[in-house]
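The values are calculated or read from the model by the stated rules, or taken from the named source; none is laboratory data. For clarity, every value in this text was computed on a predicted model and none was experimentally measured. Every residue, glycine among them, receives a Cβ derived from its backbone with ideal geometry; neighbour counts consider all protein chains shown. For the accessible areas, the whole protein counts, side chains as well, though only heavy atoms, and no ligand, DNA or RNA atoms are used. Shrake-Rupley method; radii C 1.70, N 1.55, O 1.52, S 1.80 Å.
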Amino acid sequence: MDLAQLTRNLEALRARAVGAAAAAPDTAALDALEVGVLGKKGDLTAILRGIGALPAEDRPKVGAIANEVRTAVEAALHEARSGLGGAELAARLATEALDVTTPGRPIRRGSLHPIIETAREIAEVFAQFGFVVYEGPEIEDDRTNFQMLNIPPDHPARDLWDTLYLDVEGLLLRTHTSPGQIRVMHEERPPIRALLPGRCFRYEAVDASHASEFFQVEGLMVDEGTSMADLKGLLDQFAHAMFGAHRPTRFRPGYYPFTEPSVAFDILCVICDGEKCPACSRTGWMTILGAGMVHPVVLRYGGIDPERYQGFAFGMGVERIANLRHQVADLRLYMEDDLRFLGAFR
Ligand code: PHE
């Protein structure tokens, strides 16, 4: 092959490559073209292989032309790329368009269960008076749940609590948080100010107003010179914190084997303010907890000398307290984990 022939071949390659670059439909075609023409095994290299057959003085001339061809093809590729790149970007922007003003999917915010929330509020009120939270076990033994609370086996007062017994001899699901009184007295020396929140269980025919599982908060204070007046004063503060500073309260005589005397603590009906409505069984008052002075026998079971120390205790149902504020018609709703119900308290 002579110089003229090689030069023609190079010019032909330049014309074909520049034309192909201008006509390429997309950047992938340009990439293929670049490899095919300028690559190591491409057309340009193939033509230049003929250079060895030329006389030495002709070789630089071919080299110079080959460089021109390479530069021209590179320029054509570059130009075609910038044109196609813009078009491809525009096409992608059109088909993959994202409307950043579309509102996002809402993420549900969690909230405390109304019973837990109420129990915490109760604890916060008593914390202001120095009461510290303790917890007892949900599985109790008969001695702590009953006997050390002055309720012997076969005592008729056991009928007050319909008990769920376990298969294991002597064990049961606690029917109230009062056994926590005994456990705290075994752990602490007076002065004692303890609050015991927790789940309780009773064998109940479940309906809108009876649940077999419920929450109580128990309180216990033991010190020298503790009196019924201290109990009334504390409970008044509690009622005023929870139900308003001017809510009237009263003690009524009650009965519990582990307190003597025992009382029921009432507030003026929050629905009718004493006008006597169905919510307060037309009495004008609502009982919110049971309380009393800790029975000397119970203090003694707790390892505390009743000659020196006195104590008071109280126990309330948290569902009842929550209901006075939220008026939930069916107690079972509190246990069903229905998010539509629970979401209503946020
Ligand atoms: N344990 C009693 C109940 O379950 C409530 C109570 C607690 C009463 C403490 C007096 C003192 O009904």
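Overview of values
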read-out	value
Nearest 10 degrees, 0 to 90: helix 228-243 Cα axis against the chain principal axis	40
The stretch 268-275 - phi-based ³J(HN,Hα) in whole Hz, Karplus 6.51/-1.76/1.60, Gly and Pro as x	4, 3, 6, 8, 10, 6, x, 6
Qualifying lysines (Cα of each under 28 Å from Cα of Lys276; at least 8 residues distant if same chain)	Lys232
Nearest 10 degrees, 0 to 90: helix 27-38 Cα axis against the chain principal axis	40
Surface per residue (accessible, 1.4 Å probe) for the stretch 3-95, Å²	59
Partner lysines for Lys61 [C-alpha distance under 27 Å; skip if fewer than 8 residues away on the same chain]	Lys40, Lys41
Cα gyration tensor shape of the stretch 114-345, rounded if a/c is under 1.5, else prolate or oblate by comparing a/b with b/c	oblate
Amide H within-cut-off set for Thr226, under 5 Å, with H built and near neighbours excluded	Gln310
Accessible-area composition of the chain, carbon plus sulfur, in percent [1.4 Å probe]	54
Listed peptides 283-293, 186-196, 23-33 by packing density, highest first (mean Cβ within 10 Å)	283-293, 186-196, 23-33
Whole-number percent relative contact order across the stretch 3-95, with pairs defined as alpha carbons under 8 Å at least 6 apart	42
In degrees, nearest ten, helix 59-95 long axis to first principal axis of the chain (Cα)	30
Positive-end extreme of charge dipole, the stretch 3-95 - chosen from Ala91, Gly63, Ile51 (charges on Cβ)	Ile51
Cα-centred dipole magnitude for the chain, charges only on beta-carbon of K, R (+1) and D, E (-1), debye, nearest 20	1080
The stretch 155-215 - accessible surface per residue (Å², probe 1.4 Å)	51
5 angstrom amide H check on Thr259, placed H, neighbours 5+ away	His295
Gap separating the Cα centres of the stretch 75-103 and the stretch 1-41, nearest whole Å	27
Part-to-part distance (alpha-carbon centres) for the stretch 267-326 and the stretch 204-220, which is given in Å	15
Around Phe251: net Lys/Arg minus Asp/Glu count, Cβ-Cβ under 9 Å	+2
Contour excess over end-to-end distance, with Cα ends at Val132 and Glu307 and 0.36 nm allotted per residue	60.5 nm
Computed E for Asp154/Ala329 - FRET, C-beta separation, R0 45 angstrom, nearest 0.05	0.75
The chain: Cys lacking any partner C-beta under 4.7 angstrom	Cys200
Cα centre as origin, Lys/Arg/Asp/Glu Cβ charges: the stretch 3-95 dipole, Debye	240
